[in-house]
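The values are calculated or read from the model by the stated rules, or taken from the named source; none is laboratory data. Note that this is a predicted model, so its numbers are computed, not measured. Glycine gets a Cβ as well: all are built from the backbone with ideal geometry, and neighbour counts include every protein chain shown. We work out accessible area using only protein heavy atoms, side chains counted, and drop any ligands, DNA or RNA first. Shrake-Rupley method; radii C 1.70, N 1.55, O 1.52, S 1.80 Å.
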Amino acid sequence: MTGAPAAQSTSGRDPANSPLWPSMVDAYLGVAPYLFDDRVKVELPPVTEDQTRVPVTIDARGLVGAVEEILVIADLNPFPLTVRFTPLKAQPFLSLRMKIEQGTAIHAAARQGGVWRVGGRYLDASGGGCSVKPPGSARADLSNVGQIRARAWAESAGATRLRVRVSHPMDNGMIANVPAYFVETLEIAGADGAMLARLELSEAVAPDPTFTLLTEEAKPSDRLLLRARDNNGGDFRAEVSRPAALRQGRLE
């Protein structure tokens with residue numbers, strides 16, 4: 001009995017030059033073909049000052065046509081698949097913060113139809129973001145777990161720039177006597193409940209997970225509904241008002 005064939009690269013060389021990329025393909029991309037595409041951009045800081053909160057921005061807005069999902073993969077992390085982002089009614093853009101255990105290639109894979117389009121860069125970083133507790137820091141204040149703070153700005157006609165922060169320790173289970181406790185999903189919906197975007201998070205996302213994304217609707221509602229769930233069954237909800245100018249279909 002033979003296994004399913006591995007996905008095949010149809011173009012180019014890995015921009016991050018990662019020796020582990022073939023393993024990431026087998027683990028996360030399945031059998032669909034992939035190609036490296038400069039229009040899938042991975043933006044990283046020039047210097048990594050805090051390995052527990054590394055800012056990463058994925059921008060695939062240069063692609064023509066709808067993007068069905070985006071995977072953010074840190075090849076050498078203990079939990080490589082950091083985020084699975086489904087931009088149902090959102091632009092293929094995502095900014096987040098993540099933990100980094102060591103210097104690693106970071107890839108973004110955007111799926112269009114049956115093809116993955118992949119971008120990547122190498123992040124130079126020292127170790128410990130996933131397995132070492134930051135010196136002098138205390139565990140997050142659990143009394144605020146699940147508190148969602150969000151703000152929306154008018155970005156363009158029909159689009160809203162949304163920044164969301166969920167208070168949560170995002171413990172990954174790698175630190176002694178601290179069990180895994182992390183947000184697993186974050187959903188953004190319109191006022192009518194129609195889903196605009198969905199994120200599946202892993203233990204590699206930074207504490208107090210913070211995301212920036214761009215929602216896009218033909219008829220923007222007056223507010224957005226936010227819902228997060230964690231691996232202990234916590235269910236957290238909030239609402240955020242849209243800018244009035246955007247609700248009226250114009251920018252001021």
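Counting only protein chain heavy atoms and rolling a 1.4 Å probe, the accessible areas of I148, I175 rank, largest first, as I175, I148.
For the pair K89 and R165, the difference between a 0.36 nm per residue extended length and the Cα-Cα distance amounts to 25.4 nm. FRET efficiency for the R121 to S221 pair, using the beta carbon distance and R₀ = 35 Å, is estimated at 0.45.
Taking other residues whose beta carbon is less than 15 angstrom from the beta carbon of L29, and scoring Lys, Arg as +1 and Asp, Glu as -1, yields -3. Each label was represented as a point 7 Å from its Cα along the Cα-to-Cβ direction; for Q147 and V47 these points are 3.2 nm apart.
When the GluC sites (Glu not before Pro) in region 42-98 are filtered for DSSP coil states and for at most 10 other beta-carbon atoms within 10 Å of their beta-carbon, the remaining sites are E49. The packing ranking, built from the mean of other Cβ atoms within 10 Å per residue, places the peptides 21-34, 51-64, 161-174 in the order 161-174, 51-64, 21-34, highest first. Derived scalar couplings between HN and Hα for region 29-39 equal 9, x, 9, 5, x, 9, 8, 7, 9, 5, 6 Hz in order, rounded to whole Hz, by the Karplus curve 6.51 cos²θ - 1.76 cosθ + 1.60 (θ = phi - 60°), x for Gly and Pro. Each residue of region 226-238 was assigned a 3J(HN,Hα) from its phi angle through the Karplus expression (A = 6.51, B = -1.76, C = 1.60, θ = phi - 60°), giving 10, 9, 10, 10, 10, 6, 9, x, x, 10, 10, 9, 7 Hz with x at Gly and Pro. Using a 1.4 angstrom probe on heavy atoms only, work out the carbon and sulfur share of the accessible area of region 1-111 in %. Summing carbon and sulfur atoms, their accessible area is 53 percent of the total for region 1-111. Our estimate of slack between N232 and E184, defined as 0.36 nm per intervening residue step minus the Cα-Cα distance, is 16.3 nm.
Accessible surface for V115 stands near 40 Å², nearest 10, in the context of the full protein assembly shown (1.4 Å probe).
Accessible surface computed residue by residue for region 60-112, with neighbouring protein chains in place and a 1.4 Å probe, gives 29 Å² per residue. For Y28 and M195, FRET efficiency with R0 = 25 Å and r from the beta-carbon atoms, rounded to 0.05? Efficiency for this residue pair is about 0.65. Residues whose amide H comes within less than 5 Å of that of W116, counting only those at least five positions distant or on another chain, are Y34, L35 (H built at 1.01 Å from N in the peptide plane).
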